[in-house]
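J.: After the structure tokens below, expect a handful of questions from me.
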Amino acid sequence: MIDVQIVQPSDLSQGDSRAAEALVRSAFGDSFRAHDWLHGVDGVHVLVTDDGVLLAHAAVVTRTLSHADDVFDTGYVEGVAVRTDQQGRGLGRLLMDHTESIIRASHDIGALNAVESAATFYAGRGWQPWDGPTQADTPSGVVDTYDTDDRIFLLPTDSPARGFAQSLPLICDWRVGDLW
Ligand SMILES: CC(C)(COP(=O)(O)OP(=O)(O)OC[C@H]1O[C@@H](n2cnc3c(N)ncnc32)[C@H](O)[C@@H]1OP(=O)(O)O)[C@@H](O)C(=O)NCCC(=O)NCCS
């Protein structure tokens, strides 16, 4: 039976963590980079299982994004993956339904950086592409981070402060590895 569990990072067992990392690594293949799993591990995990076997995973990590004079408590989505042999049967939709519910319940906005092959998947769910400049607030100051390989999407919520002008930079907080 298909089941969805929402697991706080401190409650993620070593076994579930290992299974989720293996699933995500396998689904991303060669495009999976060194810090990609670490970026999601401290988030709230969404685990889709069938009779206890993990079929899909996503994590919502709390980050801070700012834009103009607004600071957004952001649910940043990492490690979205459906097991390769289970794709195309609605599990990605189920996974993201729950992931977006976490964002709407706990954050001002959602954000993610999509791989090229998944951009249409997110756009079809109402995620809005960010085509404006990007920056990061690093220990050595604010730096430009615009990269043509980034496909950043934002998920607006009912938060009142959500006017985004693409002429102004979207700024993320700092982290090890890829900043977006
Ligand atoms: C992208 C991914 C999560 C989608 O999961 P899935 O289980 O295959 O998707 P679903 O079967 O739930 O499809 C839901 C809808 O999205 C569409 N869709 C699924 N994958 C899509 C894609 N890559 N591009 C465009 N649309 C897609 C489906 O056609 C379906 O549309 P419908 O609601 O109109 O019928 C999955 O293919 C995957 O894990 N890919 C490899 C890892 C990856 O790219 N992760 C995203 C990283 S940012």
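The values are calculated or read from the model by the stated rules, or taken from the named source; none is laboratory data. This is a predicted model, so every value here is computed, not measured. Methodologically, a virtual Cβ is constructed for each residue, glycine included, from the backbone with ideal geometry; neighbour enumeration extends over all protein chains shown. These accessible areas exclude ligands, DNA and RNA; they are computed on the full protein's heavy atoms, side chains included. Shrake-Rupley method; radii C 1.70, N 1.55, O 1.52, S 1.80 Å.
J.: Can you pull out the residues in the range 57-74 that are under 14 Å from the mean Cα position of the chain (by Cα) and either open to solvent by 70 Å² or more (accessible area, probe 1.4 Å) or within 14 Å of the ligand (Cβ to nearest atom) (or both)?
T.: HIS57, ALA58, ALA59, VAL60, VAL61, THR62
J.: While we're on this one: Give the residues of the range 25-36 that are closer than 19 Å to LEU54 by Cβ and either loosely packed, with under 11 Cβ neighbours inside 10 Å or modelled with pLDDT of 95 or more (or both), sorted by residue number.
T.: Once the filter is applied, which keeps residues that are closer than 19 Å to LEU54 by Cβ and either loosely packed, with under 11 Cβ neighbours inside 10 Å or modelled with pLDDT of 95 or more (or both), the range 25-36 yields ARG25, SER26, ALA27, GLY29.
J.: Still on this model: When the residues of the range 54-107 are narrowed to those that are of a type in the set (Gly, Ala, Ser) and assigned to a loop (DSSP other than H, G, I, E, B), which ends up nearest to ALA34 (Cα to Cα)?
T.: Filtering first and then ranking leaves GLY88.
J.: Here is a follow-up. Tell me, yes or no, whether the range 63-74 has at least one residue that is farther than 30 Å from ALA136 by Cβ and out of contact with any His (no Cβ under 7 Å at 6 or more places or on another chain). Talk me through it step by step, then tell me what you get.
T.: Kept after step one, since they are farther than 30 Å from ALA136 by Cβ, are these residues of the range 63-74: none.
No, the range 63-74 has no match at all.
J.: Turning to a different aspect of this structure: Please find, among ALA58, ALA68, the residue that is touching a strand residue (DSSP E or B) at 6+ places or on another chain (Cβ under 6 Å) and touching a residue at least 40 places away in the same chain (Cβ under 8 Å).
T.: Answer to the selection: ALA58.
J.: From the list ASP150, ASP144, exactly one residue is within 12 Å of the ligand (Cβ to nearest atom) and either crowded, with 17+ Cβ neighbours inside 10 Å or at pLDDT 95 or above (or both). Which is it?
T.: Of ASP150, ASP144, the one residue that is within 12 Å of the ligand (Cβ to nearest atom) and either crowded, with 17+ Cβ neighbours inside 10 Å or at pLDDT 95 or above (or both) is ASP150.
J.: Would you call ASP158 among the acidic types (Asp, Glu), at pLDDT 95 or above and open to solvent by 40 Å² or more (accessible area, probe 1.4 Å)?
T.: Working: among the acidic types (Asp, Glu): yes; at pLDDT 95 or above: no; open to solvent by 40 Å² or more (accessible area, probe 1.4 Å): yes.
No: the conditions fail for ASP158.
J.: Continuing with this model, one more query. For PRO133, only one of the following conditions fails: (1) surrounded by fewer than 19 Cβ atoms within 10 Å (Cβ to Cβ); (2) in contact with a helix residue (DSSP H, G or I) (Cβ under 7 Å, 6 or more places away or on another chain). What is its number?
T.: Result: PRO133 fails condition (2) only.
J.: Could you tell me which residue of the range 166-180 is nearest to ARG151 (Cα to Cα), considering only residues that are open to solvent by less than 60 Å² (accessible area, probe 1.4 Å) and out of contact with any Lys or Arg (no Cβ under 9 Å at 6 or more places or on another chain)?
T.: TRP180
J.: Continuing with the same structure: Tally the residues that are more than 6 Å from the ligand (Cβ to nearest atom) and either in contact with a helix residue (DSSP H, G or I) (Cβ under 7 Å, 6 or more places away or on another chain) or open to solvent by 80 Å² or more (accessible area, probe 1.4 Å) (or both), restricting the search to the range 75-97. I'd like the intermediate steps shown before the answer.
T.: To start, the set of residues in the range 75-97 that are more than 6 Å from the ligand (Cβ to nearest atom) comprises 75-79, 83-86, 94-97.
When the remaining residues are screened for being either in contact with a helix residue (DSSP H, G or I) (Cβ under 7 Å, 6 or more places away or on another chain) or open to solvent by 80 Å² or more (accessible area, probe 1.4 Å) (or both), the result is 75, 77-79, 83-85.
Qualifying residue count for the region: 7.
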